[in-house]
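Each value in this text was obtained by applying a stated rule to the coordinates, not by laboratory testing. The shown structure was predicted, so the numbers you read here are calculated from the model rather than taken from an experiment. We place every Cβ from the backbone using ideal geometry, glycine too, and count neighbours over all the protein chains shown.
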Amino acid sequence: MNEELEVKNTEVTEVTGESKIPNQASETDLKNEQLHKDVIREDHEHDFDAGTLQDKTLEELIEEARNLLIQTPKVASVRLKVIRDIFTEKYAIAKDEAREAFESKKTEESLPFIFDKEPLIHLIKEIEGEIKQAREEEKKRIIKEKQKNLARKEALIAKLETIVSADETLDTIAEVKEIQKEWKGIRVLPKEAINGLWERYNQLLNTFYDNHSINLELKELDRQKNLEAKIELTKKMETILEEKSLKRSFILLNKLHEEFKNIGPVPQESREPIWNAFKSASDAVYENKRKIYEALESEKETNLQKKQILCEKADLLNAVYPKDLKGWNEKAKAFDDLFSEWKKIGAIPKTNKDAVWIQFNGVRNDFYTRRKAFFKELNAGRNENLKAKQLLCEQVEALKDSTDWATTGKAIINLQANWKKVGPVPEKLNQAIWKRFRAACDHFFSAKNAVYSDKREEELGNLKQKESIIESLKQLATSDKEHKKAFEELKKINGEWRTIGFVPHKDVKRINKAYEEANGAVYTKYSSQIEAAKAANLGEHYKQIKETSPNGIKELELEEQNIKRKITLLNEEISSIERNMSFFARSKTADKMLKDFNGKIEKAKKQIDRLKKELGVIKTVKRPDNSSEESASSEPSSES
């Protein structure tokens, strides 16, 4: 593909027919050639968008590789390496995932693991072999063509030598022009022969034009035409400035240099001016493209820094390994996000390309290796969990036909609790083992429910009564009654609530929560009035609870425990405030903060005093007046 670029002479010597300006083009052409090589090399590496390949499947990568067979062998070889590296990495990951899935579903009867995408490896190797063969044939063809072109130019030099050594005729100029035209059309040559051939050819041309004076007017006219051609080439330099592609810019620049060299001599007085003009235009193009090239190189440095930052993020992400499935999945997503960000970053300097990728990908591979080990261990644990759940199934199946509803019901509920404690089982067996366990549980409870259908009707009736009481509480919370009447009605409603029996088990939490919220709404509305009334006659309040409730002593004990807990919390709050006071004592706003702290402490102490008085009243009311109260306090509650 780029063999023509190897044929660029390191000297852009003007073919003037004279030997007075032998090496004027050397410095410029060397700079152009070096930068051209850099651009071409970079272009080979980055004109193929490898980033898009990361999202392709293995089959799509094979198709991309097969499409390379229509490319030139050199391009195909370079691009296949990129595709092959991505294919190899994806193939290894896919094979590991398939093996993991196989292991998780493996049974004693399972056949050995076979990866269904293994034939793709052979396909890409076949394509690689075809491209290698084509590349070798291309190299041989190029070498053969170079040798053939060398022989042709040697023959032209021999012919030119004959013309130079012979007497000039009217046809001599035409013959030389024909030799020049044919010489210009022969481009690809062995690199080591280029300079020697050019020097011999150029020397013979100079000798021909200097030593032969026949047809002088024709010769001068020809030199004038050559001058016009070189002027046109100099003007064409300006068009290269508008070219966007650096690669094409330097191809065009070298092409103009080649054409300039192969145009014949110009008039003596125009030799140096036209060369200087051409050289200035060439240098301007070179300088412009050099700045663009340097800007691209600077951008690569910026991209390198971005990728180095991603490497550091990957190191931090991989510093601590998760302990559970959720943590591993979250970190896997974080690594995927980092890799997506990595692919969006452009090219980086070639010298850093491999190192920074090895660093980043090494951390990724380390993470996924450990993640794979975690899932392998997790799958092993799931097999143990399966055995535990199978044992629970056997236990509940042994109990499902029992008619000892109370004892067996508790036993099955305990088995259900144990079921929840057991971890996950292999995914393919999860539903089956759960259905087996659930069927046995449902069998027992369905039989029990059939026996207790009358009880359920009663519970549903109790539920409706409690829902009616909650509606009464909601109406009381929105009324404008005097607080004493509201409080009396509230006590009456509470007494009715306590006399109602059980409700369906599934509604217990809901109805109790609704009752507490409705009851709290009433207390919130009449809180200040109720607190005042309660403070005025605490003894009567707690005595009423003791006498009207079937489990009054237990309710007083619960109230006593609540008050003690409140006192404890208040004391802890005071201690916390006092510690904060010592901490903030030296701050600029200490006076205001200390004043606020003291206010909070005083408020808490007043609450403690009030609660202690209330606690004393409860203890007094709790003292049994007769044996009937003591026996009543020990009866179990029928509350649901």
Using r as the Cβ-Cβ distance of LYS140 and LYS323, and R0 as 60 Å, what FRET efficiency do you calculate, to the nearest 0.05?
0.45
Within a 10 angstrom radius of the beta carbon, how do TRP183, TRP357 rank from fewest other beta carbons to most?
TRP357, TRP183
If each residue of separation counts as 0.36 nm, what is the full-extension length gain between SER582 and LYS492 once their alpha-carbon separation is subtracted?
27.4 nm
Considering only C-alpha atoms, what is the centroid distance from segment 493-508 to segment 278-357, in Å?
69
May I ask which of LYS148/LYS184; LYS236/LYS350; LYS153/LYS247; LYS513/LYS603; LYS95/LYS300 have a Cα-Cα span longer than 23 Å here?
LYS236/LYS350; LYS153/LYS247; LYS513/LYS603; LYS95/LYS300
Of LYS464/LYS506; LYS410/LYS464; LYS389/LYS509; LYS326/LYS376; LYS410/LYS509; LYS466/LYS509, those spanning more than 23 Å from alpha-carbon to alpha-carbon
LYS410/LYS464; LYS389/LYS509
ASP454 to LYS566: FRET efficiency via 1/(1 + (r/R0)^6), r the Cβ-Cβ distance, R0 51 Å, to the nearest 0.05?
0.70
Anchor LYS125: lysines whose Cα lies under 16 Å away (excluding residues fewer than 8 positions away in-chain)
LYS81, LYS90, LYS117
Give me the distance in nm between label points sitting 7 Å out from Cα along the Cα-to-Cβ direction at PHE115 and ASP591, one decimal.
7.9
How much net charge surrounds TYR452 when only other residues with a Cβ under 12 Å from its Cβ are counted (Lys, Arg +1; Asp, Glu -1)?
-1
Hey, fewest Cβ within 10 Å first, where do ARG510, ARG370 land in order?
ARG510, ARG370
